[in-house]
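Engineer: The structure under discussion is supplied below as structure tokens; questions concerning it will follow.
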Amino acid sequence: MKIQTKFGVSSLVIIALLAALVGGSLMLLGRAKKAAGARQQTAADLVRAVHHIRGNWLEVNDEVNDLIQRGFNATDFEQYKTAIARLLASLKKLESLDPMASELEMLHTGRNTVAELSERIDTLISTDSPEAASVRLAIATALEETAHSIDDVIEERMLRLIDATEELENLAIAGVEQVEKFMPVSTLAILGMIFLVMSGQFALILRPIVQSVQKLVFGAAAIGKGNLEHRLDIRTRDEIERLGHEFNHMAANLGGSYRSLEGAKEQVEATSQALKGELEKGRQLQQDFLPYSLPQPSGWELAASLKPARDVSGDFYDAFELPGGLVALAIGDVCDKGVGSALFMALCRSLLRIFSDQTHSDGLAMQIGDQQLATNSGDTNLLHTVVLTNSYIAQTHSHTNMFTTLFFAILDPVTGLLRYINGGHEAPVILGPGGIKARLTVTGPAVGLFPDIGFEVRQTYLEVGDILIAYTDGVTDARNPSGERFTQERLLALLEKPISSAAALLDTIEARLNVYIAEAVQFDDITLLAARRTRASDA
């Protein structure tokens, strides 16, 4: 049976019981009031009847007296008979209202005597003899005695009827009071029956439902704790039992799914471990592409750092010696992140080293196309390196849509001359003892976007005490837990402070970034490259 049906049936039973109890109570009260009213009406009718009898009897007495005093004339006798008829009618009505009136033998006897004497008087009135006069006198005396006797009976009955009337009224009032007293009792009985029915409803319907719901709650908690073998035993023959079956079916499906997930998890973990191993190899290989140590020309301090956002990085830096005592400096940021960027970074770094080592030749000059080369050999070598790297990537790997920003420079440690090309990279900063001296802005596009595109070579000098600091956008784009960027303004403000060495400068920047990032996830690779001229060359 459905829960809705159970509640409907039980509710109908409660309503029926309430209707029966309330209707019965109202019916009893109505009957009691009706009976009390009937008793009061009967008592009032009896009182009126007795008063009529007494009045009629007084009238009869008056007529008897007139009849005796006037010598039994015919006119008085007719009046007497009329009074007797009224009396007899009142007595008959009294008998109909009060059955006990029929038990008044004296009243009946007096009534019969009066009737008999009335007949004799009627006979004697028509006879005019001496005997008739004496008989009239005897009859008059008998009538007077009978009248007195009946009068006494009427008086006694009058008192008895008054007492009976009062008793009837008292009984009626008592009956109403009993019914009114019964009403609170009946109300309590109704409430008790409601309580019993509701208790029965709870015991028969609600209690099994509550227990079943508790089983469902405990079962859900057990499933939540990982006990997928937990099953419910609910037998209520309603929707709750069906829900229990669905719960058991769900638990069985979850168990199968969990076992499948466990197997998949083991495979994923195995694959993950393998990937981690491969990524570790890739990370180590990428580290091998970066220089183990940086050249330290006389009178110069070079320092660099790279902190990848993932296992491998798309940023790179390099510093290597060239013929003639020159030093090449490079820092770049490959688009995107991850393994693809790491491989592209390795390619760019290798191309820069390969093309930098080559000297100027006609074969290489022809591959540059219409690019106008400077007559200075340093500018030519720098431009060769960047143009050839760009052309190779744009022509060979254009389908990958990969490119890199690049700052590539050739430093003459003796003179402090720095020739550079800035291919779409963040502008490096030259710091002097008094703060920021210059920024090396962009001189060409990012490397790898288009073949045969022009780059401009620029130059500057680093004096004793100057520091060249180059960085990738991972520094200025670093995010704090609120998602706010570190910004170039914060970096430049930091660079205005006095610096003792290139390594100290990198440590200061890294420490400030670590505090700013805090518990946030590192947004991008962070790469720094610094070159500080500590003294003039001995050459």
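The values are calculated or read from the model by the stated rules, or taken from the named source; none is laboratory data. Not measured: the values here are computed from a predicted model. Cβ coordinates were reconstructed from backbone atoms using ideal geometry, including for glycine residues, and neighbour counts include every protein chain displayed.
Engineer: Taking the conditions exactly as written (in contact with a Ser or Thr (Cβ under 9 Å, 6 or more places away or on another chain) and either in the same structural domain as Ala502 (by TED's automatic domain parsing) or aromatic (Phe, Trp, Tyr) (or both)), does Gly454 satisfy them or not?
Structural biologist: No; evaluated as a whole, the condition is false for this residue.
Engineer: Does Ala503 fit the bill of being touching a residue at least 60 places away in the same chain (Cβ under 8 Å) and in contact with a helix residue (DSSP H, G or I) (Cβ under 9 Å, 6 or more places away or on another chain)?
Structural biologist: Criteria not met by Ala503.
Engineer: Ok, one more. Within the range 488-500, which residues are surrounded by 14 or more Cβ atoms within 10 Å (Cβ to Cβ) and either in a helix (DSSP H, G or I) or modelled with pLDDT of 95 or more (or both)?
Structural biologist: Scanning the range 488-500 gives Gln488, Arg490, Leu491, Leu492, Leu494, Leu495.
Engineer: Being part of a helix (DSSP H, G or I), at pLDDT 80 or above and over 30 Å from Ile15 (Cα atoms) is the requirement here; does Ala252 meet it?
Structural biologist: Yes.
Engineer: Of all residues being touching a residue at least 40 places away in the same chain (Cβ under 8 Å) and either among the basic types (Lys, Arg) or over 25 Å from Leu505 (Cβ atoms) (or both) in the range 326-343, which is surrounded by the most Cβ atoms within 10 Å (Cβ to Cβ)? Just the residue, please.
Structural biologist: Ala342
Engineer: Follow-up question, since we're still on this one. Do we find a residue being polar (S, T, N, Q), surrounded by 15 or more Cβ atoms within 10 Å (Cβ to Cβ) and touching a residue at least 24 places away in the same chain (Cβ under 8 Å) anywhere in the range 506-516?
Structural biologist: No, the range 506-516 has no match at all.
Engineer: Of all residues in the range 453-477 being part of a loop (DSSP other than H, G, I, E, B) and in contact with an Asp or Glu (Cβ under 7 Å, 6 or more places away or on another chain), which is farthest from Phe523 (Cα to Cα)?
Structural biologist: Only one residue tops the list, namely Val457.
Engineer: Follow-up. Report yes if Gly424 is over 60 Å from the mean Cα position of the chain (by Cα) and either surrounded by fewer than 22 Cβ atoms within 10 Å (Cβ to Cβ) or over 18 Å from Leu352 (Cβ atoms) (or both), otherwise no.
Structural biologist: no
Engineer: Here's something else I'd like to know. Consider Ala274 carefully, then state whether it is under 30 Å from Ala342 (Cα atoms), in a helix (DSSP H, G or I) and either hydrophobic (A, V, I, L, M, F, W, C) or modelled with pLDDT of 70 or more (or both).
Structural biologist: For Ala274, the condition - under 30 Å from Ala342 (Cα atoms), in a helix (DSSP H, G or I) and either hydrophobic (A, V, I, L, M, F, W, C) or modelled with pLDDT of 70 or more (or both) - is met.
Engineer: I've got another one for you. Could you look through the range 219-247, keep only residues that are among the β-branched types (Val, Ile, Thr) and under 23 Å from the mean Cα position of the chain (by Cα), and pick out the one that is farthest from Tyr258 (Cα to Cα)?
Structural biologist: Ile240
Engineer: Within the range 424-445, how many residues turn out to be touching a Ser or Thr at 6+ places or on another chain (Cβ under 6 Å) and either hydrophobic (A, V, I, L, M, F, W, C) or within 15 Å of Asp318 (Cβ to Cβ) (or both)?
Structural biologist: 2
Engineer: Arg439 passes all but one of (1) without any contact (Cβ under 8 Å) to a residue 24 or more places away in the chain; (2) more than 25 Å from Val387 (Cα to Cα); which number fails?
Structural biologist: Exception for Arg439: condition (2).
Engineer: Being at pLDDT 90 or above, assigned to a helix (DSSP H, G or I) and over 60 Å from the mean Cα position of the chain (by Cα) is true for just one of Leu364, Leu329, Leu352. Which residue is that?
Structural biologist: Leu352
Engineer: Being at pLDDT 95 or above and crowded, with 16+ Cβ neighbours inside 10 Å is the filter here, so list the residues in the range 439-454 that pass it.
Structural biologist: Leu440, Val442, Thr443, Gly444, Pro445, Ala446, Val447
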